[in-house]
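Working notes for the structure below.
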Amino acid sequence: MAENIFSKHSRINEIFKDERALYSEFLPEKLPHREKEIDGLAFCFKPLLSGKKPLNAVVVGTPGTGKTVSSKFVLSQLEELSGRAKSLYINCFEFNSRNSVLFLIANFVGAALPRRGLAADEIYSRMLDYMKNCNFVPVIILDEADQLLAKDGEKLLYDLLRLESEKIYFGLILISNDFMLTSNLDARIKSSLRAESIVFEKYSPKQLKDILRERTELAFFDNVLDKNVIDVAAAHSAKLGGDARIGIESLLKAGRIAEKENTNKVSLSHLKKAFSLMDSAVIKKTFPFLSKQEKNLIKLISSFDGVYSGELFEKYSKIQNHLELRQFRAVISKLELMNLISAPLINVKPKGKSKFISLKVPKESLENFIKEKT
Ligand SMILES: Nc1ncnc2c1ncn2[C@@H]1O[C@H](COP(=O)(O)OP(=O)(O)OP(=O)(O)O)[C@@H](O)[C@H]1O
Ligand SMILES: [Mg+2]
């Protein structure tokens with residue numbers, strides 16, 4: 001009889017001790033080289049421990065510098081110690097309007113509102129009622145806050161900051177890649193935000209090495225990684241912007257490739273294969289937050305080398321029933337804001353201006369990502 005197809009997979013996994021330590025949602029107990037930033041965040045929220053008003057924090061830095069993980073780490077430590085503070089994490093790629101964020105906060109403090117049919121002011125007043133009687137102090141993380149501020153986020157900040165006049169305390173962390181996040185805010189909002197700004201610098205190759213070593217010790221069995229694998233992964237992530245995410249993800253991919261080949265060592269050649277499989281950071285970060293329709297549109301855009309918005313709308317209407325121009329424009333703006341496409345207005349004779357839309361991420365990465373996820 002032919003060999004059973006499972007017999008070659010039957011060896012006990014000899015590569016990963018626990019690959020979850022390399023997943024993006026993993027919250028490590030140690031965050032090397034972020035001591036200063038973590039202290040800065042802790043300083044903001046320490047007043048909560050003695051029933052006082054915390055400072056708000058604005059966290060900025062380039063991708064993969066540990067902003068999200070450090071903020072979550074600080075708040076989980078705070079919750080562990082105080083029992084009075086409770087944090088709500090909101091990714092503004094997913095929730096990017098005043099309405100949707102108010103809704104989440106209102107429900108977080110106990111309002112149990114229906115998903116549809118309430119205007120922002122109504123949600124606000126219900127949130128206020130529940131906040132007054134809330135037996136914990138909410139700490140709200142608005143991650144990718146630029147996505148919100150590009151829309152009606154300023155109004156939302158105004159809503160939140162006016163809670164203070166009702167003597168309601170809460171904490172707020174705004175996180176973004178945009179170093180100028182708060183510079184264009186209305187002066188009144190800026191002054192009542194009273195935010196500590198915490199800048200996350202890019203990691204150096206040496207720092208990346210320490211981070212990767214820490215994570216790989218949790219993820220891989222001893223002596224599985226060939227000499228130089230960590231160093232090369234660290235150098236690669238340093239070259240691509242000091243981004244720890246790239247290093248961690250390439251090690252996970254390299255480990256899986258080695259596993260598939262049924263070897264018990266992860267070599268430099270596995271790592272190099274992993275590099276070539278890596279998706280663009282922007283795709284990885286934004287794609288999970290796109291709807292099916294939005295994904296279809298980006299796939300369609302990727303089939304052109306650049307296309308005017310009129311022609312794109314026409315083609316897209318054929319695969320997307322009941323599409324309104326208004327909706328289409330909103331999706332284009334969203335994809336542009338997410339840095340997935342560029343859409344500059346261009347003069348087209350004789351009709352006037354039109355958006356010229358093209359993909360801003362490598363087409364192959366997009367295809368790889370779509371293939372992997374479907
Ligand atoms: N000092 C560190 N120690 C251990 N892991 C880290 C450290 N810094 C970042 N990481 C890991 O690197 C990855 C990226 O970190 P994180 O998501 O916090 O970056 P970010 O600054 O929020 O990036 P982005 O701006 O793209 O959202 C995560 O897997 C995180 O756990
Ligand atoms: Mg982040």
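Any read-out appearing in this document is the output of simple, stated calculations on the displayed coordinates, not a laboratory observation. Here the structure is a predicted model, which is why all the values come from computation and not from measurement. Virtual Cβ from ideal backbone geometry, glycine too; neighbours counted across all protein chains shown.
What the phi angles of segment 71-77 give under the Karplus curve with 6.51, -1.76 and 1.60, with θ = phi - 60°, is a coupling list of 5, 5, 4, 4, 6, 5, 5 Hz, glycine and proline written as x. Applying both filters, DSSP loop and at most 16 other Cβ atoms within 10 Å, to the trypsin sites (Lys or Arg not before Pro) of segment 172-233 gives ARG194, LYS227. Of VAL282, VAL101, VAL60, the residue with the greatest mean-square motion in the GNM of the chain, using alpha carbon springs below 10 Å, is VAL282. Taking a ≥ b ≥ c as the square roots of the eigenvalues of the alpha-carbon gyration tensor, the chain is classed oblate because a/c is 1.5 or more while a/b is no larger than b/c. Karplus-derived 3J(HN,Hα) values for segment 242-253, using 6.51 cos²θ - 1.76 cosθ + 1.60 with θ = phi - 60°, are x, 9, 5, 4, 4, x, 5, 5, 5, 5, 5, 5 Hz; glycine and proline are entered as x.
When only the Cβ of Lys, Arg, Asp and Glu is charged (+1, +1, -1, -1), the dipole of segment 35-200 relative to its Cα centre reaches about 440 debye.
Amide H contacts of VAL137 (H built 1.01 Å from N, in plane; Pro and chain starts excluded): ALA85, LYS86 sit under 5 Å, all sequence-distant by 5 or more or on other chains. Model label sites at SER317 and SER333, defined 7 Å from Cα along the beta-carbon direction, differ in position by 2.1 nm.
A Gaussian network model of the chain, with springs between Cα atoms under 10 Å, assigns the largest mean-square fluctuation among SER302, SER291, SER342 to SER291.
Label-to-label distance, SER125 versus SER165, with points set 7 angstrom from Cα along the beta-carbon direction: 1.6 nm. Each residue of segment 310-324 was assigned a 3J(HN,Hα) from its phi angle through the Karplus expression (A = 6.51, B = -1.76, C = 1.60, θ = phi - 60°), giving x, 5, 4, 4, 4, 5, 5, 4, 6, 9, 10, 5, 6, 8, 9 Hz with x at Gly and Pro.
Database remark: amide H of LEU172 closer than 5 angstrom to the amide H of ALA57, ILE140 (H placed geometrically; neighbours at sequence offset of 5 or more, or on other chains; Pro and chain starts carry no H). Looking at segment 1-95, the chymotrypsin sites (Phe, Trp or Tyr not before Pro) that sit in a DSSP loop and have at most 13 other Cβ atoms within 10 Å of their own Cβ are PHE6, TYR23.
Magnitude of the Cβ-charge dipole of the chain, K/R +1 and D/E -1, about the Cα centre, nearest 20 debye?
Dipole about the Cα centre, nearest 20: 700 debye.
So which residue, out of SER70, SER354, SER280, gets the largest mean-square fluctuation from a GNM of the chain using Cα contacts under 10 Å as springs? Ranking SER70, SER354, SER280 by mean-square fluctuation puts SER354 first. In the chain, a dipole from Cβ-located charges (positive for Lys and Arg, negative for Asp and Glu) runs towards its positive end, and of LEU48, PRO205, SER97 it is SER97 whose Cα lies farthest in that direction. Let me make sure I get this right: for segment 35-200, a, b and c are the square roots of the gyration tensor eigenvalues over alpha carbons, sorted descending. Under 1.5 in a/c it's rounded, otherwise prolate if a/b > b/c, else oblate. Which is it? The shape class here is oblate. For the pair ASN99 and PHE136, what calculated FRET efficiency results from E = 1/(1 + (r/R0)^6), where r is the Cβ-Cβ distance and R0 = 41 Å, to the nearest 0.05? Working from the Cβ atoms, E equals 0.95. Taking trypsin sites (Lys or Arg not before Pro) across segment 96-157, the ones in a DSSP loop with at most 13 further Cβ atoms lying within 10 angstrom of their Cβ are ARG115, ARG116. Here each label is just a point 7 Å from Cα along the line to Cβ, and for GLU201 and GLU217 those points are 2.4 nm apart.
With the charge dipole of the chain set up from +1 on Lys and Arg Cβ and -1 on Asp and Glu Cβ about the Cα centre, the Cα lying farthest toward the positive end among the listed residues ALA187, SER303, LEU81 is that of SER303.
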